[in-house]
Amino acid sequence: MRILALMLILSMTMGFSQTSDEKQIRAIYSSTLTEGKAYDWLNYLSNQIGGRLSGSIQAQQAVEYTKKQMDSLGLDKVWLQPVMVPKWVRGTPEFAYIENQPGMTNNVPICALGGSVATPGVGIKADIIEVKGIEELKELGRSRVAGKIVFFNRPMDPTLIRTFEAYSGCVDQRYSGAEEAGKLGAVGVIVRSMNLRLDDYPHTGSMSYGDLPVDKRIPAAAISTKGADLLSTTIQLNPKVKFFFRQSCKQYNDVESFNVIGEITGSTYPNEIMVVGGHLDSWDLGDGSHDDGAGVVQSMEVLRLMKVNGYKPQRTIRAVLFMNEENGLRGGNKYAEVAKSKKEKHIFALESDSGGFTPRGFSFDSSDANLERVMKWKSLFDPYLVHVFEKGYSGADIGPLKDQQIVMAGLVPDSQRYFDHHHAQNDTFEHVNKRELELGAAAMASLVYLFDKYGIIPN
């Protein structure tokens, strides 16, 4: 009889807890869907400031704007964390054409890859050789590559439903293609844009020369997917075709910038810190609405939702707007460095850096015990059509925080349209849906609430 009574009490307690969680999560969703601020903040970042490449005036304007907005939320603390970042400038618009024979040319859309050196002022015109990847390039060797422009034309795999897997499967040619081609004496590199759609938008992104000496570094540019198909077909019809491109980008000395941080101090365990964040910088072609203006304003909205719903977290919750994810990861590394020097205890970190599309769930980098408990929360997210809870990647900026205890998570939105816009001129505000953006913020706030209430399971 006594055992039955205890079981009844336990059942009632668990039922109340579940009902309490359901009510809190419902309040979070209702607040952001009726009076959310994320879309307005994104509108300003995108349309009043624009692309926010590290070291630019626009990046500094974004720092000042987001700090001002977090100051207005009545948080316990808002501050700027200095960080030195690279300053790379694109210069005048790039220009390229395919030359079948003298006087017969077809212009194609290109853009310099981030970190690339410039061409000579008059540009580069040379024979062009097509390869499907770095291994094929190496097999050709110096005798076939020297003096030519190398065209990397391995497309993203359209059969992969997880589009980030398709991206990972070919992004090495963008990142390391110029380094490897330079070693073989090539004079330039053209890379097919990381895009599943056929269009005329070239997609930029970071690249590296590794340890290649300065005098061996060659200019690298991305070509649109339609341009890539045209170039490939032209080469097949006329292997002696030449390619011309001109770009005037330049790398300057590092400059000072800032991570922007806002905090609600925990009422019970203030020394246990939970981070939610995105990166404030973006590439310069569009206005960085999906990558990663969306993650920035969603992270700010998480703190706003805590305040407007009168929720007093047990643990300290920080929104961190990281600087320089795109071409250096300096902000994420600096935040982790400072946290380590101060011996701060971070127990949970959540990043949004996959666009502002409809949220599907979360991926977790955590112990099996913590993942197993997260799985028990799935029913709380079912009413909001958030179903994906899996072990996997969390995020680049929170990655440096990883240790044996912390639970790390990444928001997983629907990604089928993400690479239509990623690092391209059409990553603009008009392509972000207000409701989808707000649903992502609510899902993030709900997960933060649950980890704050229940903590993590120590290893």
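Structure data summary
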{"quantity": "Candidates Tyr97, Tyr44, filtered to the one that is at pLDDT 95 or above, of a type in the set (Phe, Trp, Tyr) and closer than 30 Å to Ala443 by Cα", "calculated": "Tyr44"}
{"quantity": "Hits in the stretch 353-407 - residues which are of a type in the set (A, V, I, L, M, F, W, C), touching a strand residue (DSSP E or B) at 6+ places or on another chain (Cβ under 7 Å) and more than 21 Å from Ile28 (Cα to Cα)", "calculated": "Phe364, Leu371, Ile398, Leu401, Ile406, Val407"}
{"quantity": "Any hit, the stretch 255-274, residues being of a type in the set (D, E, K, R) and buried (at least 24 other Cβ atoms within 10 Å of the Cβ)", "calculated": "no"}
{"quantity": "Of the criteria (1) under 24 Å from the mean Cα position of the chain (by Cα); (2) at pLDDT 95 or above; (3) open to solvent by 50 Å² or more (accessible area, probe 1.4 Å), which one Asp403 fails", "calculated": "(2)"}
{"quantity": "In the stretch 96-144, the residues that are part of a loop (DSSP other than H, G, I, E, B), under 24 Å from His423 (Cα atoms) and open to solvent by 20 Å² or more (accessible area, probe 1.4 Å)", "calculated": "Pro109, Gly115, Val117, Ala118, Lys132"}
{"quantity": "Residue identified as open to solvent by 60 Å² or more (accessible area, probe 1.4 Å) and more than 20 Å from the chain's Cα centre (by Cα) among Lys37, Lys67", "calculated": "Lys37"}
{"quantity": "Selection status of Ala336, over 30 Å from Arg417 (Cα atoms) and either within 19 Å of the chain's Cα centre (by Cα) or open to solvent by 30 Å² or more (accessible area, probe 1.4 Å) (or both)", "calculated": "yes"}
{"quantity": "Extreme residue, farthest from Pro93 (Cα to Cα), among residues of the stretch 292-325 that are of a type in the set (D, E, K, R) and open to solvent by less than 10 Å² (accessible area, probe 1.4 Å)", "calculated": "Glu301"}
{"quantity": "Flag for Tyr201 being assigned to a loop (DSSP other than H, G, I, E, B), among the aromatic types (Phe, Trp, Tyr) and either within 24 Å of Asp427 (Cα to Cα) or in contact with a Pro (Cβ under 6 Å, 6 or more places away or on another chain) (or both)", "calculated": "yes"}
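The values are calculated or read from the model by the stated rules, or taken from the named source; none is laboratory data. Since we're looking at a predicted model, the values are computed, not measured. Virtual Cβ from ideal backbone geometry, glycine too; neighbours counted across all protein chains shown. Note: areas computed on protein heavy atoms with side chains; ligands, DNA, RNA excluded. Shrake-Rupley method; radii C 1.70, N 1.55, O 1.52, S 1.80 Å.
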